[in-house]
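The values are calculated or read from the model by the stated rules, or taken from the named source; none is laboratory data. Quantities reported herein were computed from a predicted structural model and do not represent experimental measurements. Neighbour counts are summed over all protein chains in view; Cβ atoms, including those assigned to glycine, are modelled from backbone coordinates with ideal geometry. The accessibility values were calculated without ligands, DNA or RNA, using every heavy atom of the protein model including side chains. Shrake-Rupley method; radii C 1.70, N 1.55, O 1.52, S 1.80 Å.
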Amino acid sequence: MAADYAAEPEEAARAFAEKREIRLPERARAVIEKVEAKARSMFAGFRPKPQEVPDHVTESTSRPGEVKAIQRYARAAVDITRMQDKGLPVLPHQETALARAGEALDRTRYHGSSDLASAFTRNPHLARDVVAGDMRGASRALAEEARVRADPVLRAGRFMEHWRVLEAERGDARMGPVVRRMAIMVDDLRHDPMLKEELARRAPELGLRIERAPSIEQVLERQRRFERDRQQDRDLSR
């Protein structure tokens, strides 16, 4: 103990600590630096091996978690389609599963759920392909949906394609749902001024009659009402 007090205060403290295996900050830093130097020498020149992306996953669907999110959404969509094909009502837990899968997909891909839903509507086989592990078609379709979404000219063509499909269903027994879907499409134009402008510009080409420059919503709404009234007249004449 007497030897602990023989040196200068700082040296005495260091000697006291070393005898009793107490590590001071300077000693700790020295140990850390030694370990870091050893680690650098061990991993010098090391380059992590790039992870291989399967052939069926393209660049547009290679972000972390995106492929799994697409597959999850596809499984939920296929479950609902099976119920509809059998004429059975879609169960609440299936609707919840699709909604949650869509939310998860949107977190990994901008507008992912709406783009994928549109792709599945246009080609129902895509969902089954994804569930089976084939992502190629879905990846191409998602890229195309993103391209259409970014281009008002392509959106106008897609809009009229959908509109004409609904017009073709006007004689179907499901007239009510068809009219509601057409009304929703007209209402959605309020939120897409670029699409509305493009539809107005291409009105003659698209077969839309415009008199006294009404808005495109008015043209489409007038056309929807005309089809509805004509169907009602047919029903009354039966």
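Rundown of residues vs (1) part of a helix (DSSP H, G or I); (2) without any contact (Cβ under 8 Å) to a residue 12 or more places away in the chain; (3) farther than 14 Å from Tyr73 by Cα, yes/no style:
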position: Gly87; (1), (2), (3): no, yes, yes
position: Gln94; (1), (2), (3): yes, no, no
position: Ala117; (1), (2), (3): yes, no, no
position: Gly137; (1), (2), (3): yes, no, yes
position: Arg140; (1), (2), (3): yes, no, yes
position: Ala143; (1), (2), (3): yes, no, yes
position: Ala146; (1), (2), (3): yes, no, yes
position: Arg149; (1), (2), (3): yes, no, yes
position: Ala156; (1), (2), (3): yes, no, yes
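With the requirement that a residue be in a helix (DSSP H, G or I), among the charged types (D, E, K, R) and in contact (Cβ under 8 Å) with a residue 24 or more places away in the chain, what does the stretch 101-115 give you?
Pass one, the stretch 101-115, residues in a helix (DSSP H, G or I): 101-108, 112-115.
Narrowing further to those that are among the charged types (D, E, K, R): 103, 106-107, 115.
Correct list: Arg107, Asp115.
Quick grid of which residues meet (1) touching an Asp or Glu at 6+ places or on another chain (Cβ under 9 Å); (2) among the aliphatic types (A, V, I, L, M); (3) modelled with pLDDT under 70:
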position	(1), (2), (3)
Ile184	no, yes, no
Asp192	no, no, no
Lys196	yes, no, no
Ala200	no, yes, no
Gln223	yes, no, no
Arg228	no, no, no
Leu236	no, yes, yes
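Do you know which of the residues in the stretch 48-64 that are outside any loop (DSSP other than H, G, I, E, B) and surrounded by 10 or more Cβ atoms within 10 Å (Cβ to Cβ) is modelled with the highest pLDDT?
Per the criteria, the residue is Thr61.
Kindly indicate the residue of the stretch 65-123 that is out of contact with any Lys or Arg (no Cβ under 8 Å at 6 or more places or on another chain) and among the basic types (Lys, Arg) and also least open to solvent (accessible area, probe 1.4 Å) among those meeting that condition.
Only one residue tops the list, namely Arg72.
Scanning the stretch 124-135 for residues that are part of a helix (DSSP H, G or I) and open to solvent by 50 Å² or more (accessible area, probe 1.4 Å), which turns out farthest from Leu105 (Cα to Cα)? Explain how you work it out, then say what you get.
At the first step, the residues of the stretch 124-135 found to be part of a helix (DSSP H, G or I) are 125-131.
Right, trim to open to solvent by 50 Å² or more (accessible area, probe 1.4 Å) and you get 125, 128-129, 131.
Numbers: His125: 19, Arg128: 17, Asp129: 18, Val131: 15 Å.
By that ranking, first place goes to His125.
State all residues of the stretch 119-135 that are without any contact (Cβ under 8 Å) to a residue 60 or more places away in the chain and of a type in the set (D, E, K, R); if no residue qualifies, say none.
Arg122, Arg128, Asp129
Suppose the filter is open to solvent by less than 30 Å² (accessible area, probe 1.4 Å), within 21 Å of Gln84 (Cα to Cα) and under 23 Å from the mean Cα position of the chain (by Cα); does Leu195 pass it?
It is false that Leu195 is open to solvent by less than 30 Å² (accessible area, probe 1.4 Å), within 21 Å of Gln84 (Cα to Cα) and under 23 Å from the mean Cα position of the chain (by Cα).
Residues are listed down the side, and each one gets a yes or a no for (1) modelled with pLDDT under 95; (2) under 30 Å from Met194 (Cβ atoms); (3) acidic (Asp, Glu):
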{"residue": "Gly102", "(1), (2), (3)": "no, yes, no"}
{"residue": "His111", "(1), (2), (3)": "yes, yes, no"}
{"residue": "Val130", "(1), (2), (3)": "no, no, no"}
{"residue": "Leu142", "(1), (2), (3)": "no, yes, no"}
{"residue": "Val153", "(1), (2), (3)": "yes, yes, no"}
